Amino acid sequence: MRIDVDLYSDTVTRPTADMRRFMSEAEVGDEQKMEDPTVNLLCEMVAELLGKEAAVFLPSGTMCNEIALRVHARPGEEVIAHATAHPIHFETGGPGALAGVNMRSIDGPRGQFDAAAVEAAVRPPHRHFPRSRLLWVEQTSNLGGGSVWPLARINEVTAVARGHGLSTHLDGARLMNAVVASGISAREYAAPFDSAWIDFTKGLGAPVGAAMAGSRAFIDEAWRCKQQMGGAMRQAGIIAAGGVYALRHHVKRLADDHANARRLAEGLARLPGVRLDPATVETNIVFFVTSANAAEAVEHMLAHGVRMGALGPHTIRAVTHLDVDAAGIGRALGVAREVFTGLPG
Ligand SMILES: *Cc1c(COP(=O)(O)O)cnc(C)c1O
C-alpha cells in the first residue's frame, strides 16, 4: 500500500538528509559511564531548555513517564491525571505493573482540568484511602485535540497539588508545539513541575529518544530506574544527535505544522457529515467526528494514499508533521472530499 500523505501521527516522520548526516558524524562514547559527549550535550540542552538542574536521555517518552511514576510514587499511592492521559491508555498498564500506583482520572474539556477538580480529587489522610502523591499534566493534550494548557491554569492546578504536598509531573511529548503556538517558553511551562520531558520523535522529527529533566536528586533516581529497566545504552550519541539537531533546526518550523493543521481542519469542516470547529485546532492535531463509520472512512482514504487514524466509532484523528507540506494537505483534502461525499452517513 502506497501512502502519499501520512497523517496517522507525528511519530511517522523520518530523519531528513541533513539530520542523518549530523547523526553519522556524532562524537560518541559509553553512555552508561556518562562518557558519550553527544548524549551529555543533549542532556545539558534539555536541562537548560526546561530550567532544571539535570536531564536524562531515554529511549522513549513512555519510559520517561514510567520512570517518573516510579521515582515520584510508592506502590499503593495515587496519581491524579486527566482521564485521557497517555499512561492510562497507551502504556500497557505500566503504572500498575511497574510503579504499582493507582491512577485517579479526573475530567474536564479538551484534556484539561481545573484547580477545583484537583482539590476535589486529593484524598484526605485516612487509613482507607490511597495516599495522593503526584499531579500529572499533559502539554499539549493528545486526546484533547492538541490543546494548549494556558500557563495560568497550569500554575493554578500545580499550586493546589503543592498545597497538599503532592509532586508534579509534566508529560511534554508535544511541549514544543505548545511553546511555538503560544510564544510562552518551555522553561515557564516546566517551572511548576518537579519533572518534565520532551519527545524528539514526534513533531521534532528525530528517529529515537526523549529526555526528562528535574532536580539532580530526581535524575539520579531516574538513572537507577533506567539501568534497572534496561534503558541504559552505550554509544547512544548516534541517536541523541538527532535530538540535538532537532532542537537546533526543527522547533520554529512547528508553526508550519500548526498552519497546515488549521488548513486541513477548515477544509474538513466543510465536508458533508463532518463535525469540526477549526477554531479548536491550536497545534498539529485535528480531531473530527463523522456521521459515517470512522473505520470505513479511514480505510477508503487509505486506498487513495491518505492515512488518518480512527480513534472511535465516529472519531478520526489527523496529525501534521514535517513530512507533510501544504501540497500534501491539499491532496488529503481532495481525497477526504471524495470519500466523505460518497459515504453513507
Ligand atoms: C507519544 C506520547 C507519549 C509516549 O512517547 P513515546 O516516545 O512514543 O514512547 C507519551 N505521552 C504523550 C502525550 C504522547 O503523545
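The values are calculated or read from the model by the stated rules, or taken from the named source; none is laboratory data. This structure is a prediction, so every number in the text was calculated from the model and none was measured. Counting neighbours? That spans all protein chains shown, and the Cβs are built from the backbone with ideal geometry, glycine included.
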Sort out which residues of the range 83-100 are among the aliphatic types (A, V, I, L, M) and surrounded by 15 or more Cβ atoms within 10 Å (Cβ to Cβ), and write them in order of number.
-> 83, 85, 88, 98, 99
Taking the range 34-49 as the region of interest, how many residues are within 16 Å of the ligand (Cβ to nearest atom) and touching a helix residue (DSSP H, G or I) at 6+ places or on another chain (Cβ under 6 Å)?
-> 1
State which residue is nearest to the ligand (Cβ to nearest atom) when the search covers only the range 150-162 and only residues that are without any contact (Cβ under 8 Å) to a residue 40 or more places away in the chain and surrounded by fewer than 17 Cβ atoms within 10 Å (Cβ to Cβ).
-> 150
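May I ask you to list the residues in the range 192-208 that are more than 16 Å from residue 19 (Cβ to Cβ) and within 9 Å of the ligand (Cβ to nearest atom)?
The answer is 197, and nothing else.
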Within the range 307-337, can you find the residues that are charged (D, E, K, R) and crowded, with 18+ Cβ neighbours inside 10 Å?
-> 307, 317
The condition of being within 16 Å of the ligand (Cβ to nearest atom) and at pLDDT 95 or above holds, among 128, 89, only for 89
Among (1) in a helix (DSSP H, G or I); (2) modelled with pLDDT under 95, the one test that residue 21 misses | (2)
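Of these, 75, 87, 95, which one is assigned to a loop (DSSP other than H, G, I, E, B), assigned by TED's automatic domain parsing to the domain that holds residue 26 and of a type outside the set (D, E, K, R)?
None of the others qualify; the one that does is 75.
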Just checking, how many residues over the range 163-177 are among the small types (Gly, Ala, Ser) and surrounded by fewer than 24 Cβ atoms within 10 Å (Cβ to Cβ)?
-> 3
Quick one: how many residues across the range 227-256 are closer than 19 Å to residue 41 by Cβ, of a type in the set (Lys, Arg) and part of a loop (DSSP other than H, G, I, E, B)?
-> 1
On the given criteria, is residue 144 within 24 Å of residue 278 (Cα to Cα) and within 15 Å of the ligand (Cβ to nearest atom)?
-> yes
Please specify each residue of the range 109-132 satisfying the condition of being crowded, with 18+ Cβ neighbours inside 10 Å and of a type in the set (Gly, Ala, Ser).
-> 111, 121, 132
Complete set of residues in the range 163-188 that are in contact with a strand residue (DSSP E or B) (Cβ under 7 Å, 6 or more places away or on another chain) and more than 10 Å from the ligand (Cβ to nearest atom) = 164, 166, 167, 168, 169, 170, 176
Residue check, residue 114 under 23 Å from residue 185 (Cα atoms), out of contact with any strand residue (DSSP E or B) (no Cβ under 8 Å at 6 or more places or on another chain), outside the structural domain of residue 277 (by TED's automatic domain parsing) and in contact (Cβ under 8 Å) with a residue 12 or more places away in the chain = yes
Scan of the range 108-157 for residues that are acidic (Asp, Glu) and more than 14 Å from residue 79 (Cα to Cα), ordered by number = 114, 156
Selection count where residues are out of contact with any Asp or Glu (no Cβ under 7 Å at 6 or more places or on another chain), of a type outside the set (Gly, Ala, Ser) and part of a helix (DSSP H, G or I), scope the range 257-286 = 9
Would you mention how many residues in the range 1-33 are among the hydrophobic types (A, V, I, L, M, F, W, C) and within 16 Å of the ligand (Cβ to nearest atom)?
-> 2
In the range 119-154, residue nearest to the chain's Cα centre (by Cα) [restricted to those that are of a type in the set (S, T, N, Q) and part of a strand (DSSP E or B)] = 141
